[in-house]
Amino acid sequence: MADVRAGVTEVVRDVLDRPELQIADDQRAHDVEGWDSLAHVSILFSLEDRFGVRFSDREMGELQDFGQLVALVAEKHSSS
Amino acid sequence: MHPLVRSAREHAADGDVPAALDALAVLASGSPEFTDWIATDRLLGRLTADGAAAGWPRRTVRVAVLSSHTGAQLTACLRTAALAHHVLVETYESGYRTYEQEVLDPGSGLYGFAPDVVVLAVDHREVRVGDGDDADEALARETDRWTGLWQDLQERTGAVVVQHTFVPPVDDAWGELGASSPTGRRRTLRRLNLALGDHAPAGVHLVDAEAVATTVGGAAWFDSRYWYAAKQAVGLGAVGLLAQRTVDVVAAALGLGRKVVVLDLDNTLWGGVIGEDGLGGIVLGGGAEGEAYADFQTFLRGLRRRGIVLAVCSKNQPADARLPFERHPEMRLALDDLVAFEAGWDTKAVMLRRIAADIGVGLEALVLVDDNPLERAAVRHELPQVGVVELPAEPSGYAAALARFPGLQSATVTAEDARRTEQYRARRRGRELERKSGSREDFLRSLGTVATVEPRDETNRARIVQLIAKTNQLNLTGRRHTDTEVDSLAREPGAVVWALRVRDVFDDHGLVGALVAVPLDASTLRLDTFVVSCRVLGRDAERAFVGALVEHAAASGRSRVLGEFVPSDRNEPAASILADVGFRRLQETGGAVQRWELVIGQDEVHVPEHVAVRRPDPAPALTAGLTTT
């Protein structure tokens, strides 16, 4: 889980070009500076690509906060 | 994080913006990875924000992206892709699906932006052809609509226009009928792509999006989850390559393309090291690896025909470096295909500078193709303007790596090229007619087959043994001689060991046949082994080959040729070769070997008229065994 959290954080940092970014679990994506709807799609794709996971139709539209994203990637990653 | 992005960040932190941009330019020249490219674009935004990049780009280009779908990721990737050309791109993006309004309204933001380039990033959903429509009518209507948009753009901006072709969706309700039925959707989309190509005036260019989709795969191109979630018509795994191709066409249209492909030799044009392995030791033609090298050379000749110039830059003794060009029969490139030939012991950077100066182009016109990663790294470091192809480890991947390298597109063709295209079209039409009406003989004659017979020597001996070992169908006796065995057969006085090469108007098939014949007695030559690859099956080259041997036997004073046929479960296609040439079967003695004879001066020899045979001369020299050195 810690590995996944670090990996998700790195993807977000890369996509947003903010190497020092710290994100709390309950932080909502849209409250992070630069994390707009376009960046959101890029982040989803980058996570799928990096972890070899696949978000469902519903998840694509619903994912909102950082902790939720980490937990979902961890769950899918461990079962893949 | 990609090491090049990290390195660019470090240079940026040190305040060295040009070095940061050089690192990103190398990243942009490689195979696009979405996350890295998006990260690059963000970093680029910081690097260029306060004019710190001034002086680095060859040119800054204003690009308007008019999209029928979400275009932000494509736009970001276009900015990244342009770095490979040492170009910075300033972009304007139309609102979601407003491309048509933007073009039609003279007061739109598009025209306020004053673009140098307009990219029409449109997808198949924009093609307004309904299921019940008359296909011809709808197609004409759509062609008019798009050409009309181009015309408005050209009249109002003078910009270069680049449009993505439509990628036919694979999972539509039409099934396989979609490709063939007159109103099938996929067929209509393909027809529209062709019509747009036919109607594109000067200054309007198409990007073959279907080729991009094929490269990344349908699953990556069409990811419908991203369409429903964010109106991404092009999968994000495909956007980078689409951007790379788009910018490549733009660069060519603006005259920013590269012009000279500079080639290393050892392990780039052939396998092995000519200075150590010698002419017979290098790997070229004959066998999987050798054919990959040969095909890469063929690809390079294709580039040359399209107007890309070729040069050589090699660390070698000049005489060694030239030897394969002068003497190796499998070389596809000749010395006169090259505009410069640098061989010596200077660094590659020094030699590349000399090539550029000699032919009067800038360093940014050069692309280096070199299998050695150290040489590549050195050139990237010393001459960042030179494009350096990241070659894969295997020669089978060389052509694709070079084909995808940014900067080698041609946007326009010269008047002469255009005429050539018409000639080819006329020739093709001629062939189509022939195919419809002609007989098999007409067809074979039109192939212009040339069979070249050559004696065994150090350049073909390995291939001869390989053919003997591998050929199953056109194989008379199935004897699998080793190189040493062939050697000892060849040493018998009067023995003949030949290789056969076949080419026709379409292709050079290379070395495809071999035979071993040894004297039985003073009057008789016995055909011990005869193999021809099934690559040239059906064009009678095997008969021409046997015919050449009969002629040779006659010229050397023999009165008879003895043929042998050993039937196996695989060589049925070879069963009639001897009879077809005119051999008569001898009374059976039992056993597995059929014996056939042809009496010279008495039996008629039937050789195919449509195959031109080139035989080595003078004949007696051939009978000598191979002298090993």
Original post:
Which shape class, rounded, prolate or oblate, goes with segment B:123-269 when its Cα gyration tensor gives a ≥ b ≥ c as root eigenvalues, a/c under 1.5 marks rounded, and past that a/b bigger than b/c marks prolate?
Top reply: oblate
Subject >> For chain B: relative contact order, % (alpha-carbon pairs under 8 angstrom, 6 or more apart) >> reply: 9
**OP:** Give, in nm to one decimal, the length gained when the segment between B:A49 and B:A377 is fully stretched (0.36 nm per residue of separation minus the Cα-Cα distance).
**Re:** 115.2 nm
**OP:** Can you tell me the FRET efficiency between B:D336 and A:A2 if r is taken as the Cβ-Cβ distance and R0 is 56 Å, rounded to the nearest 0.05?
**Re:** 0.30
Original post:
What's the FRET efficiency of B:A612 with B:D277 using the Cβ-Cβ distance as r and R₀ = 35 Å, to the nearest 0.05?
Top reply: 0.55
**OP:** Provide the gained length on full extension for the span B:A114 to B:D521, in nm with one decimal, where the gain is 0.36 nm per separating residue minus the Cα-Cα distance.
**Re:** 137.7 nm
Original post:
DSSP loop chymotrypsin sites (Phe, Trp or Tyr not before Pro) in segment B:296-351 with at most 16 other Cβ atoms within 10 Å of their Cβ, which ones?
Top reply: B:W345
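Please return the longest stretch of chain B lacking exposed loop sites, where GluC sites (Glu not before Pro) count only if DSSP places them in a loop and at most 10 other Cβ atoms lie within 10 Å.
Free of exposed loop sites, the longest segment is B:1-587.
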Original post:
Using a cut-off of 24 Å between alpha-carbon atoms, which lysines can reach B:K315, once sequence neighbours fewer than 8 places away in the same chain are excluded?
Top reply: B:K259, B:K348
**OP:** Set the Förster distance to 30 Å, then compute FRET efficiency between B:A173 and B:S31 from the Cβ-Cβ distance, nearest 0.05.
**Re:** 0.30
Original post:
Å³ per residue of the Cα convex hull, for segment B:260-403?
Top reply: 98
**OP:** Could I have the simple spin-label model distance between B:D569 and B:R327, label points 7 Å from Cα toward Cβ, reported in nm to one decimal?
**Re:** 4.6
Original post:
Non-local amide H neighbours of B:T529 (under 5 Å, H modeled in plane, Pro and chain starts lacking H): which ones?
Top reply: B:V516
Subject >> segment A:2-79: radius of gyration over Cα atoms, expressed as a fraction of 2.2 N^0.38 Å >> reply: 0.98
Original post:
Residues with beta-carbon under 9 Å from that of B:P168, excluding B:P168: net charge, scoring Lys, Arg +1 and Asp, Glu -1?
Top reply: +2
**OP:** Take the alpha carbon gyration tensor of segment B:448-623, find the square roots of its eigenvalues, order them as a ≥ b ≥ c, and report rounded if a/c is under 1.5; if not, report prolate when a/b exceeds b/c, else oblate.
**Re:** rounded
**OP:** Could you tell me which of B:T298, B:A393, B:N372 has its Cα farthest along the dipole of segment B:260-403 towards the positive end, charges placed at Cβ (Lys, Arg +1; Asp, Glu -1), taken about the Cα centre?
**Re:** B:T298
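By how many nm would the segment from B:A13 to B:Q317 lengthen if fully extended, with 0.36 nm per residue of separation less the alpha-carbon distance?
Extra length from B:A13 to B:Q317 when fully extended: 105.0 nm.
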**OP:** Kindly provide the trypsin sites (Lys or Arg not before Pro) of segment A:9-80 that DSSP labels as loop, not H, G, I, E or B, and whose Cβ sees at most 15 other Cβ atoms within 10 Å.
**Re:** A:R54
Original post:
Using θ = phi - 60° and the Karplus form 6.51 cos²θ - 1.76 cosθ + 1.60, what ³J(HN,Hα) does each residue of segment B:607-616 get, whole Hz, x for Gly and Pro?
Top reply: 10, x, 6, 8, 10, 7, 9, 10, 10, x
Original post:
Could you state the per residue volume, in Å³, of the convex hull enclosing the Cα atoms of chain B?
Top reply: 196
**OP:** Evaluate the distance, in nm, between pseudo-label points positioned 7 Å from the Cα of B:R128 and of B:L537 along their respective Cα→Cβ axes.
**Re:** 5.4
**OP:** Take the alpha carbon gyration tensor of the protein assembly as shown, find the square roots of its eigenvalues, order them as a ≥ b ≥ c, and report rounded if a/c is under 1.5; if not, report prolate when a/b exceeds b/c, else oblate.
**Re:** prolate
Original post:
What nm value, rounded to one decimal, do you get for the distance between B:D152 and B:T298 when each label is placed 7 Å out toward the C-beta?
Top reply: 4.7
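Per residue of the protein assembly as shown, what 222 nm ellipticity follows from adding -39500 (n - 2.57) for every DSSP H run with n ≥ 4, rounded to the nearest 500? Could the numbers behind the result be given before it?
Details: 28 runs with 321 residues, N = 709.
Calculated mean residue ellipticity at 222 nm is -14000 deg cm²/dmol.
Since every read-out is calculated from the coordinates, none of them should be taken as a lab result. Please read all numbers here as calculations on a predicted model, not as lab measurements. All Cβ positions, even for glycine, are placed from backbone atoms using ideal geometry, and neighbour counts span all protein chains on display.
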